[in-house]
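Everything on this sheet refers to the single structure shown next.
The values are calculated or read from the model by the stated rules, or taken from the named source; none is laboratory data. Computed from a predicted structure; not experimentally measured. Here the Cβ positions follow ideal geometry from the backbone for every residue, glycine too, while neighbour counts run over all protein chains shown. Side chains included, ligands, DNA and RNA excluded: accessible areas come from the protein's heavy atoms. Shrake-Rupley method; radii C 1.70, N 1.55, O 1.52, S 1.80 Å.
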Amino acid sequence: MKYMLIMRATDEAFAGMADTDFTEMIETVGRYDQEMIRAGVLLAAEGLDDAAEGVVVDYSAEPPVVTDGPYGETKELFGGFYVLNVASKEEAVEWARRSPITGPGFKTEIRRVTTIDEFPQDNEWIRKEREWREATGQL
(Lines give C-alpha, C1' and ligand atoms only; values in the text may rest on other atoms or scores of the structure.)
Protein backbone atom coordinates (compact mmCIF):
# COMPACT_ATOMS: atom_id res chain seq x y z
CA MET A 1 0.00 0.00 0.00
CA LYS A 2 1.12 3.52 -0.71
CA TYR A 3 1.03 6.17 1.98
CA MET A 4 1.93 9.83 1.75
CA LEU A 5 3.66 11.45 4.70
CA ILE A 6 2.78 15.13 4.46
CA MET A 7 5.25 17.28 6.34
CA ARG A 8 3.56 20.24 8.02
CA ALA A 9 4.82 23.05 10.21
CA THR A 10 3.60 26.29 11.68
CA ASP A 11 5.01 29.59 10.41
CA GLU A 12 6.96 29.84 13.66
CA ALA A 13 8.45 26.36 13.29
CA PHE A 14 9.56 27.12 9.73
CA ALA A 15 11.07 30.41 10.88
CA GLY A 16 12.95 28.56 13.62
CA MET A 17 14.53 26.30 11.00
CA ALA A 18 16.22 29.36 9.49
CA ASP A 19 18.78 29.13 12.32
CA THR A 20 19.61 25.50 11.50
CA ASP A 21 22.82 24.87 9.57
CA PHE A 22 21.75 23.83 6.05
CA THR A 23 24.52 21.24 5.67
CA GLU A 24 23.56 19.70 9.02
CA MET A 25 19.90 19.57 7.94
CA ILE A 26 20.80 17.87 4.65
CA GLU A 27 22.91 15.29 6.52
CA THR A 28 20.16 14.57 9.04
CA VAL A 29 17.38 14.25 6.46
CA GLY A 30 19.70 12.33 4.13
CA ARG A 31 20.32 9.66 6.77
CA TYR A 32 16.55 9.30 7.27
CA ASP A 33 16.00 9.03 3.52
CA GLN A 34 18.73 6.39 3.23
CA GLU A 35 17.04 4.30 5.94
CA MET A 36 13.85 4.27 3.87
CA ILE A 37 15.76 3.52 0.66
CA ARG A 38 17.59 0.59 2.31
CA ALA A 39 14.26 -0.70 3.66
CA GLY A 40 12.81 -0.52 0.13
CA VAL A 41 9.83 1.64 1.12
CA LEU A 42 10.67 5.06 -0.37
CA LEU A 43 8.94 5.81 -3.69
CA ALA A 44 9.21 9.62 -3.77
CA ALA A 45 10.28 12.54 -1.61
CA GLU A 46 10.15 16.25 -2.35
CA GLY A 47 10.38 19.50 -0.47
CA LEU A 48 8.44 22.59 -1.43
CA ASP A 49 9.62 26.13 -2.05
CA ASP A 50 8.76 28.94 0.34
CA ALA A 51 5.00 29.55 0.56
CA ALA A 52 5.66 33.22 -0.20
CA GLU A 53 6.61 32.12 -3.72
CA GLY A 54 3.39 30.14 -4.17
CA VAL A 55 0.11 31.02 -5.84
CA VAL A 56 -3.41 30.14 -4.71
CA VAL A 57 -6.30 29.58 -7.11
CA ASP A 58 -9.52 30.08 -5.12
CA TYR A 59 -12.61 28.56 -6.73
CA SER A 60 -15.07 30.36 -4.44
CA ALA A 61 -15.84 32.87 -7.19
CA GLU A 62 -16.39 32.76 -10.94
CA PRO A 63 -13.92 33.20 -12.48
CA PRO A 64 -11.53 31.71 -9.91
CA VAL A 65 -9.41 34.26 -8.04
CA VAL A 66 -5.63 33.90 -8.29
CA THR A 67 -3.60 35.28 -5.40
CA ASP A 68 0.17 35.38 -4.97
CA GLY A 69 1.70 34.15 -1.70
CA PRO A 70 2.26 34.50 1.12
CA TYR A 71 -0.99 32.97 2.25
CA GLY A 72 -3.42 34.78 4.48
CA GLU A 73 -4.05 33.32 7.89
CA THR A 74 -2.19 30.04 7.88
CA LYS A 75 -1.84 27.92 10.95
CA GLU A 76 0.25 25.25 9.22
CA LEU A 77 2.07 25.03 5.92
CA PHE A 78 2.65 21.94 3.80
CA GLY A 79 6.44 21.86 3.40
CA GLY A 80 7.14 18.60 1.63
CA PHE A 81 6.16 14.95 1.34
CA TYR A 82 7.30 11.37 1.15
CA VAL A 83 5.46 8.58 -0.68
CA LEU A 84 6.12 5.18 0.84
CA ASN A 85 5.17 1.67 -0.23
CA VAL A 86 4.54 -0.16 3.03
CA ALA A 87 2.47 -3.08 4.26
CA SER A 88 0.17 -1.11 6.55
CA LYS A 89 -0.84 2.23 8.01
CA GLU A 90 0.98 1.20 11.18
CA GLU A 91 4.24 0.83 9.26
CA ALA A 92 3.74 4.29 7.71
CA VAL A 93 3.22 5.67 11.22
CA GLU A 94 6.45 4.05 12.39
CA TRP A 95 8.40 5.70 9.55
CA ALA A 96 6.80 9.05 10.38
CA ARG A 97 7.78 8.65 14.03
CA ARG A 98 11.42 8.37 12.92
CA SER A 99 11.38 11.74 11.14
CA PRO A 100 14.38 13.85 12.10
CA ILE A 101 12.43 17.09 11.73
CA THR A 102 10.61 17.30 15.03
CA GLY A 103 9.68 19.72 17.75
CA PRO A 104 6.92 22.16 18.58
CA GLY A 105 5.00 23.21 15.48
CA PHE A 106 6.04 20.24 13.31
CA LYS A 107 3.57 17.51 12.28
CA THR A 108 3.32 14.71 9.76
CA GLU A 109 -0.05 13.87 8.27
CA ILE A 110 -0.33 10.32 6.94
CA ARG A 111 -2.77 9.56 4.12
CA ARG A 112 -3.21 6.42 2.06
CA VAL A 113 -2.75 6.97 -1.67
CA THR A 114 -5.63 5.43 -3.57
CA THR A 115 -4.98 3.33 -6.65
CA ILE A 116 -6.69 3.38 -10.02
CA ASP A 117 -8.01 -0.12 -9.26
CA GLU A 118 -10.33 1.37 -6.62
CA PHE A 119 -12.35 3.30 -9.23
CA PRO A 120 -15.06 1.93 -11.57
CA GLN A 121 -13.12 0.14 -14.31
CA ASP A 122 -15.95 0.48 -16.82
CA ASN A 123 -15.68 4.29 -16.72
CA GLU A 124 -14.32 5.84 -19.95
CA TRP A 125 -12.01 8.26 -18.08
CA ILE A 126 -10.63 5.56 -15.83
CA ARG A 127 -9.91 3.42 -18.91
CA LYS A 128 -8.08 6.37 -20.54
CA GLU A 129 -6.04 7.00 -17.42
CA ARG A 130 -5.16 3.30 -17.14
CA GLU A 131 -3.99 3.32 -20.79
CA TRP A 132 -1.84 6.39 -20.09
CA ARG A 133 -0.37 4.84 -16.93
CA GLU A 134 0.42 1.62 -18.78
CA ALA A 135 1.99 3.53 -21.70
CA THR A 136 4.20 5.55 -19.33
CA GLY A 137 5.26 2.55 -17.24
CA GLN A 138 3.29 3.58 -14.15
CA LEU A 139 1.35 0.30 -14.01
Task: Pairs of Cα atoms farther than 25 Å apart, the chain, % - done: 45 percent
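Using Cα pairs closer than 8 Å and at least 6 residues apart in sequence, work out the relative contact order for the chain, in percent. Before the final figure, lay out the partial values.
Details: 172 pairs, mean separation 57.7, N = 139.
In percent, rounded to a whole number, it is 41.
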Task: Residues of the stretch 1-77: accessible area per residue with a 1.4 Å probe, Å² - done: 72 Å²
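Going by average Cβ neighbours within 10 Å, how do the peptides 9-18, 48-57 rank, with the highest at the top?
Values: 9-18: 14.6, 48-57: 11.4.
Those peptides, ordered most packed to least, come out 9-18, 48-57.
Given the Cα-Cα distance of Phe22 and Arg97 and 0.36 nm per residue of separation, how much length would full extension add, in nm?
Numbers: separation 75, 0.36 × 75 = 27.00 nm, distance 2.21 nm.
Contour length minus the Cα-Cα distance gives 24.8 nm.
Would you mind computing Rg(Cα) / (2.2 N^0.38 Å) for the stretch 18-72, counting N as its residues?
Cα-based Rg divided by the globular estimate yields 1.74.
Using a 1.4 Å probe over the heavy atoms of the protein chains, calculate the carbon and sulfur portion of the accessible area of the chain as a whole percent. Let's see the in-between values first.
Values: 5190 of 9940 Å².
Percent of accessible area from carbon and sulfur atoms in the chain: 52.
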